[in-house]
Each structure stands twice: as structure tokens, then as C-alpha cells.
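Values in this text are rule-based calculations from the coordinates and carry no lab data. Please read these numbers as outputs of a predicted model, since none were measured by experiment. Note that each Cβ is placed from the backbone with ideal geometry, even for glycine, and that neighbours are counted across all protein chains shown.
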Amino acid sequence: MKARFAIALLAISMLCASAMAQEKTADDWLEEGRSLMLSGFKSFDPAANAFNEAIKLEPENIDAWLDFAQVLSYLNQKNESLEAFQKALDLTNETLEQNPNDAGAWQSRGIALASLGRDYEATRSFEKSVEILNQSIDENPKDAEAWWLKADNLDILGQSESALEAYDKVIELNSSKAIGAWIRKSDILLGQMGRYDESIMAFDKATDLMAAGSNTTTLSHALFSEENGSSTVLKIWMSGGRILRVNFGRYNYSAHDYDRFLKVDSDYIKSFASRRGTITPQGKHLGKHNDSLCSWEPNIEQYARPRPEWNTLGFQLKWGHTLLYEEGSVKVAAQVYDRAIQIDSNSSEAWTGKGVALLAQGKRGEALSVLDKALELDPDNADAWCYKGNALSSMDRIDESIKAYERAIQLYDEEIRNSSLQAEAWDGKGIALENLGLAENNLSRYDEALKAYDKAIEIDSQDAEAWYDKGSALSTLARFRHEPEKYNESLQAFDEAIYLKPRFALAWAAKGSVFLDRQRYEDALQAYDKALYINSGLQSAQSGRGAALEKLGRRNESAKSYEIVLMNLDMDIQAANSSQVLSEVWYRKGSILQAQGMYEEAQKALHNATNADPKNVMAWVTKGDVFRWQAKYDESLQAYDKAIENIPANSTWQLSDAWSSKGDVLQEAGRTDEAISAFDKAILIDSQNNYPWLAKGDIFNLTGKQEEAVKAYDKAIQIAQSSPSFLAKQVSAKAWYNKGKALEAMGRQSEADASFAKAKEMGYQG
């Protein structure tokens with residue numbers, strides 16, 4: 001949660017009018033610092049100096065301390081930043097002692113607390129601010145400032161619908177903040193809710209009001225890159241008491257080509273002339289760019305032309321890595337790596353990045369070819385070997401994937417011994433170990449991975465990716481080992497990653513998934529909203545948001561989130577360039593529809609998946625699941641048979657699972673003997689798969705054969721004791737419980753109670 005509030009702080013800090021005094025006041029220094037902060041990372045040091053000057057003049061200026069703390073965090077001065085946030089917190093507490101009804105102080109207190117990692121207290125502070133503002137509004141319903149502050153608090157809290165209503169009141173009152181309210185509405189509607197048409201309308205309203213203004217002080221920051229000879233705008237910031245933020249270029253995957261700045265009014269607006277406007281996923285133009293986007297005067301020329309260093313291999317690689325590994329913008333990342341390859345076609349790193357981006361899009365065959373190209377250029381590229389293992393694993397070529405991971409680990413070990421980039425090598429080794437564990441179905445590999453991540457962090461505690469990777473490994477162990485304390489450790493790791501890189505969208509989404517697992521649905525929703533605020537195209541966050549909303553009983557909103565995911569999948573279907581890719585996207589669409597309980601639609605999507613690629617095993621398996629849940633047992637069995645037919649013989653765990661699924665269907669269909677035969681087949685294929693023993697025990701228990709049931713449960717438990725498998729422990733816990741039921745039926749209550757206690761100890765309560 002801390003990064004949400006940190007970014008909100010930046011937005012708040014932009015709402016300041018410029019002071020024009022001959023002697024610089026604290027407000028002058030504050031304004032200068034905020035302007036410098038807007039101009040990019042190279043200006044963070046002078047921004048910090050400006051905030052420090054403001055503090056010297058007004059040591060109790062809360063806003064100055066908050067801004068100072070924020071810029072220090074951007075400079076990775078963690079301890080100093082925390083001290084500044086603590087100072088801001090102390091000052092807000094003093095203010096609130098004198099005036100407990102200061103809504104602004106409560107908000108500032110929340111920002112400070114959130115940045116210090118005290119999320120629960122932060123939330124309560126923002127809620128207290130809203131409570132006070134509600135009282136103020138009751139007394140004076142036309143207080144636009146109160147409505148504005150209320151909307152800001154609600155936005156920070158992730159209460160998007162309520163925030164929109166409050167911004168509507170600001171607009172209704174025709175206040176000086178009406179432009180900012182329309183901008184904020186546009187941003188929320190687009191980035192957090194995917195309501196594109198409404199977002200376009202809101203942005204148009206803002207730009208109309210801007211064009212009508214005459215005395216508005218404007219500031220903006222524009223960041224460009226070179227693409228096909230044209231300037232490409234990535235982000236625009238505007239301030240001056242009205243405009244908070246406008247983001248472009250991250251909400252869609254279309255080109256954004258801007259040829260030049262067009263001077264409209266030398267005292268007010270400079271805008272861009274565009275050949276092509278920004279396009280939403282629905283194909284709609286987002287706003288009136290030709291008469292709206294402001295420039296930062298007087299340094300217009302330095303932003304109008306891309307800087308030479310931006311058209312370099314190093315810059316493109318860094319940008320691609322940020323998009324791919326932090327924001328999860330895989331399609332845009334692939335385009336950036338293509339530009340890197342155009343600059344240097346012999347860059348193994350660029351080919352690797354492209355391969356990873358393609359793999360993240362489900363383009364497994366293309367990804368494998370590209371990764372092979374990377375390895376052709378550099379056979380000792382450990383990252384390429386690691387992700388080649390991922391590609392092979394996703395194609396069910398398990399033995400080959402294991403060899404690739406083992407080669408990657410070998411190379412990482414060599415880098416650790418011989419390279420100055422030891423932290424990166426340890427982190428890479430951890431990822432390879434995790435993936436190897438997944439391929440082997442071996443949970444102990446995750447323990448090894450954690451040790452590697454800890455080594456990386458020991459060497460470089462500022463490595464946000466290592467913290468994120470550690471959090472991911474911990475959450476996996478928590479999920480599959482039933483070790484709830486590791487959920488807390490994983491959240492701490494994700495928070496550390498977010499502190500180091502506040503716009504780490506994947507880390508926010510990962511936090512959401514942990515909260516979802518822990519049934520903390522409101523917290524999950526806030527984390528997913530933050531991830532989508534950073535990258536509205538992050539489908540994992542959008543899907544998770546849908547799941548959280550569903551759990552909260554907000555089914556209409558849940559459906560909207562899933563609609564966005566499905567819409568993007570439909571776009572991917574249209575863009576598919578091979579039958580394999582097409583099949584993968586149809587499969588993903590079918591899985592989403594299945595999760596929503598839309599079984600008929602899921603069937604159609606999965607049918608398209610298997611038509612496009614008859615060897616898509618997961619599509620056949622999911623198809624079998626969907627038919628099973630509809631009690632269409634014959635169709636389900638046919639689908640599982642197709643899956644079994646296409647699973648490689650050496651993929652024993654997957655083949656065994658498919659036979660187990662077939663056994664489950666046969667049991668539900670009342671074909672008990674055939675079900676036992678299917679489970680026996682699963683056991684024969686993979687003796688370490690304890691699920692078929694559990695399933696056999698359940699059949700024996702239901703048919704009154706309790707002695708045989710107990711023996712089968714004992715076998716499931718025995719296998720789990722020596723198995724490193726992810727799922728073996730979960731199956732074992734259920735086996736203990738069901739064994740208790742069998743013993744209870746036999747009148748052996750004390751033994752039954754002991755079995756129940758063991759199941760409970762392992763996190764299973766029936």
C-alpha cells in the first residue's frame with residue numbers, strides 16, 4: 001500500500017500555485033522542488049536541495065517534509081526517506097493534537113504512515129479525513145475544496161466509484177479545480193475501471209475548459225523516445241493548481257507518433273500535432289491531443305527533440321526491462337526489444353528480452369526460436385537458458401526444460417564466482433531454481449531459490465527485483481505448504497520491492513494475490529487497483545480484481561473486470577499470427593469464462609482452442625473440467641482421453657494427473673470399477689502421485705469398505721512424507737481428515753480424533 005500513497009503524494013504535491021516574490025519563501029522553494037521532481041530522475045538531487053531549503057525556512061512545514069521524503073525515496077536513500085516521513089508524521093500528530101478536525105492533516109498523516117509501511121493505520125487516517133470532510137460538507141454542501149479533498153482521499157483508498165461522485169460535485173460547483181476533476185475522472189475511468197468511452201468524454205471536457213482559460217499557469221513534463229524517426233510521448237504531467245496527471249502510451253499498444261510541438265499560445269498552451277492520436281483497446285481516440293497537451297516552458301526544445309542517448313542500445317534495453325519485469329507491459333516491451341535489435345542485431349540480451357516478452361504473450365514457439373537466436377549469439381547467456389527452460393516446460397517438453405534450467409544454474413554459478421554482477425547472478429539462479437522446481441514438481445527447489453535471493457539481497461539490498469522474486473517464492477511455499485507465516489514474509493518482501501520501485505506493477509499485483517489467498521478481499525482489491533493504476537493492461541491484475549470483487553459480492557463490477565480481460569483476449573485473437581498462438585489465446589479466454597461459471601461460452605472458446613491446435617493439452621484438460629462441472633460425463637471423458645493422447649510419455653506427472661481426472665469423472669458417473677482402474681493407471685505411471693490413493697480411499701469409504709479406505713489413505717500419507725511435490729502435502733492433509741471419517745465409521749473414535757487433529761495441524765478442516 002505504501003507506493004499507492006507515495007504516488008498520490010506526488011499528485012497532491014503538484015497542486016500548488018507559483019509564488020513570485022523577490023526573496024524566495026518556503027513556498028517558492030517548495031514550488032521549485034516540485035517542478036524539478038516533475039522533470040525526471042536527473043533533477044531529483046536539486047529537488048531534494050530545494051525541499052531542504054523550504055524546511056530550513058519553515059521547519060514545521062508538513063508538505064515540505066513529505067515531498068522531501070518522497071524524493072529521497074526516489075534517490076534510494078531509504079533510511080533518510082524514512083526519517084523524513086517520520087518527521088512528517090510527528091508534525092501531523094502535533095497538528096492534530098491542536099486541531100483534531102483538520103482533514104488535511106489526517107490525509108498527510110495517512111501518507112506518512114503508508115510510506116512507513118503502517119498500512120492499517122494509514123487507511124484509518126484517510127477514512128478519518130473523509131469522515132471530517134463529510135461533516136464539513138453537511139454544514140456547507142457547496143464547499144468545493146472539501147469535495148476535492150474528499151475525492152482525493154477516496155481515490156487513495158481505492159474507492160473509485162465514490163471518488164468519481166465526489167469529483168462530479170467539484171465539477172458541479174464550477175470551482176477552480178473543475179479541470180483537475182475532469183482529468184482525475186478520465187484517469188480513474190481509464191486506468192482503474194476500463195470505461196474507455198467515459199474516459200474519453202471526461203478528458204475532452206478537461207481540454208475544452210483548458211482551451212477556454214486565459215490565465216492558467218501550466219507546467220508539464222514530457223518524456224520521449226525515438227520510434228521510426230518520430231517522437232513518441234510516454235508521459236505527460238501537468239500542474240498549476242488544476243491539472244494533476246495525464247498518462248499516455250501505457251494504456252494501449254498502438255503507436256503514438258508526434259512530429260513536433262505546435263505553438264498555440266505563447267503564454268499558455270503548447271501542444272502536439274499528431275498524425276495518429278492515442279488509441280484505446282476499443283479503437284477509440286483518447287482526447288483532443290492537438291489542442292490540449294502542455295509543454296514545459298522555457299525548455300521546450302529539449303523535450304521537442306529526443307535526446308541522443310535515448311536512441312542507444314543501453315537505453316532501449318533498460319526501458320524494455322522496466323516494461324517487462326516491473327510493469328508487465330509485455331507487448332510494448334517486445335516492441336522496445338525490436339528497436340534494440342535494430343540498433344544491434346548481435347545483442348544476445350535484446351533477443352533474450354524479446355523471447356521473454358513473447359513467452360509472456362503465450363507465443364511459445366516464437367519465443368523458443370528467439371531464445372535460440374540469443375543462445376546462438378552467446379551460448380553462455382544464463383538468462384536465455386533459463387527462459388528457454390520456461391518455453392520448453394510450457395510446451396510439455398519437461399526433460400529438455402530440466403536440462404536447460406540445469407545449464408542456466410551452472411552458468412549462474414560461474415558468474416557468481418567470476419563476475420562483479422554477483423547480485424544479479426544470485427537472483428537469476430533463484431529464478432532458475434524456482435522454474436526447475438516447477439518442472440520437477442519439487443517444492444524443495446524453492447527453498448534453494450530463497451537462499452539464492454537472500455544472497456542477492458545481502459550483496460545489494462536495493463535490488464527491487466530480488467525482493468520481488470523472494471516474495472513470489474515465499475507466497476508459493478505458503479500456498480502449497482500451508483505455512484501462513486510465509487504469507488506475511490512475502491508481503492514484507494513485496495513491500496520492500498515497491499518501496500524501492502513505487503511503480504512496480506507486478507509487485508502490486510502479487511500483493512493482491514497474497515491478500516486474495518488470505519481472504520483479505522478489500523486489501524486485495526486495493527493492491528490490484530494500484531497495479532492497474534500503473535499499468536491498466538496488466539491482465540493478471542485485472543483478473544485478480546474480478547475475483548476479489550466477486551468475493552465481496554460486487555458482481556456487476558466483477559463482471560466489468562472480466563469483460564476487460566476478455567476484450568483484450570479478443571484483440572489478441574485478432575492479432576494471432578500462428579495456429580499455436582491462436583489456440584493459446586482461445587484457451588486463456590476459455591479459462592476466464594470457466595472461472596466466471598459461463599460454461600457454454602467457455603466450451604465454445606475451448607473448442608476453438610482445440611480446433612486451432614489439436615495438441616493443446618491444457619485446452620483439452622480444461623475442456624474436460626468444464627464438461628465435468630456440467631455433468632456431461634461422456635464429453636468430459638472424451639476430452640480427457642484427447643489430453644492423454646497428446647501428453648508426451650515422459651511427462652509422467654501430467655499424464656498421471658490426466659488419468660486421475662478421468663477417474664474422478666468415472667466415479668461421479670457411477671462407474672466405480674472403471675474409476676478404480678483409472679486411478680490404478682495413474683499410480684502405475686507416477687508412483688509419487690498420492691492423489692489417486694486418496695481418490696481410491698474415498699471410493700472405498702463411500703462403498704462401506706473402511707478397512708481398504710484406511711489403507712489407501714495411509715498410502716497417500718506415506719507418499720507425501722518423502723515427496724517434494726507441491727500438491728502432495730495438500731493431498732496428505734485431506735487424506736488425514738478422510739481417514740478420520742473412516743475410523744469414526746468403524747467406531748475407532750480416539751484414532752479418528754488423532755487423524756482430525758493431524759489434518760487441522762496441516763491446515764485442513766474439512
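Okay, here's what the table says:
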{"quantity": "Order of 147, 508 - criterion: other Cβ atoms within 10 Å of each residue's Cβ, fewest first", "calculated": "147, 508"}
{"quantity": "Entries of 455/486; 388/486; 429/470; 318/451 with Cα pairs more than 23 Å apart", "calculated": "388/486; 318/451"}
{"quantity": "Residue 607-residue 633 FRET efficiency (beta carbon distance; Förster radius 25 Å; 0.05 resolution)", "calculated": "0.90"}
{"quantity": "Anisotropy class of segment 648-766 from Cα gyration tensor, a/c 1.5 cut", "calculated": "oblate"}
{"quantity": "Spacing of the two label points (7 Å from each Cα toward its C-beta) at residue 376 and residue 721, in nm", "calculated": "5.3"}
{"quantity": "Cα-projected label distance for residue 139 with residue 369, points at 7 Å along beta-carbon direction, nm", "calculated": "7.0"}
{"quantity": "Gain upon complete extension [residue 86, residue 574; 0.36 nm per residue less C-alpha separation]", "calculated": "170.5 nm"}
{"quantity": "Nearby lysines by direct alpha-carbon distance to residue 604 (threshold 25 angstrom, same-chain neighbours under 8 apart not counted)", "calculated": "363, 560, 589, 615, 623, 632, 642, 662"}
{"quantity": "Reachable lysines from residue 87, criterion Cα separation under 24 angstrom, eight or more residues apart if same chain", "calculated": "2, 24, 56, 78, 128, 501"}
{"quantity": "Residue order, fewest to most surrounding Cβ atoms within 10 angstrom, among 123, 703, 312", "calculated": "703, 312, 123"}
{"quantity": "Neighbour-count order for 87, 24, fewest beta carbons within 10 angstrom listed first", "calculated": "24, 87"}
{"quantity": "Length released on extending from residue 522 to residue 751, taking residue separation times 0.36 nm less the Cα-Cα span", "calculated": "78.4 nm"}
{"quantity": "Length added when fully stretched, residue 124-residue 97, from 0.36 nm per residue minus Cα-Cα", "calculated": "8.1 nm"}
{"quantity": "Cβ crowding within 10 Å averaged over residues, with 731-741, 747-757, 153-163, 562-572 ranked highest first", "calculated": "731-741, 153-163, 562-572, 747-757"}
{"quantity": "Prolate/oblate/rounded label for segment 352-450 (Cα gyration tensor, a/c 1.5)", "calculated": "oblate"}
{"quantity": "Inter-probe distance in nm under a simple model that places probes 7 Å from Cα toward Cβ, at residue 673 and residue 552", "calculated": "5.4"}
{"quantity": "Three-way shape label, segment 406-500, alpha-carbon gyration tensor, a/c 1.5", "calculated": "oblate"}
